[in-house]
Amino acid sequence: MEIPASPPNTCLPLSWRLRRTVLVALLFGLWAPCKIVWEKRIAREQDFLRYGGAPMTRQLRDELGQGLTIGVLSGMRSVVADLIWLNVTTAWMNQEWFRMGAYINLCTALQPRAPVFWDMGGWELAWNASIDAAGDPRARNPSLRQLKASRFWIEKGREVFLRGIENNPEYWRLWRDTGLLFDQRLKDYPAAAYYYKKASQVPDAPIYLERFAPIMYDDLHARDDQASYREWKELWERLTPEERKMKLHEGDRIESKIRLLEQKLSIPKEKRVFPN
């Protein structure tokens, strides 16, 4: 009677098993610190870019309601913000300015990296709400209460624009519209010149914006010839010889402005841009 052969031993030697365990532990030990550093870096970048929007606080949850809160927690912030913006339009139609302002704040909190909410929200407050609060524009002597109410909404619009710039500094329209607010609503022309200049320096900004800053110091605005000359001169020196010949930059107009101001300010010939 034959004795059946014993099955082959498939277990690895103890030394090999120990070596494999140590190798796996070593790999996990090296990977864990790298993973932690990587995740922290991603979290910092997300915080800097504010992709996640505002944190879901209790106050924000109460303002959104149960249904919209579920949508936000499900990753549909943009959809929820769009739905809320419909209420902004309704509030505008009904001239419910405080409600409109609250909805604008909700949209910008949910989507801080969506410039359109900041841009349109600031405009609604600083123009539509403030003009309505001022009363009949044909009235010669608006009441002090109306003037204060109008200024209140202008300041609210300014706050929205500035917070929008903080979250979206690469969006030239926010810089331009902030300059427009200081220009048209507050009549603060040096501040308007600053924001117009910042708008013109954004890479994809239209060329015509480069002339807005010096225009803010002309006789129809700040009436500051020295500042006007400084801005026109700076613009001319910033342009290359090729750009000065381009129609879009209007080099002839810039040269004419500089020549006129050099004569008006009696700039010595040796210090003039155009001595002849």
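Values in this text are rule-based calculations from the coordinates and carry no lab data. Here the structure is a predicted model, which means the values were calculated and not measured.
Tell me whether segment 170-231 comes out rounded, prolate or oblate; compute the Cα gyration tensor, take square roots of the eigenvalues as a ≥ b ≥ c, and use a/c under 1.5 as the rounded threshold.
Judged from the Cα gyration tensor, segment 170-231 comes out oblate (a/c at least 1.5, b/c at or above a/b).
Cα to Cα, under 29 Å, and not fewer than 8 places away if on the same chain: which lysines meet these conditions relative to K233?
Partners found: K187, K197, K198, K245, K247, K257, K264, K269, K271.
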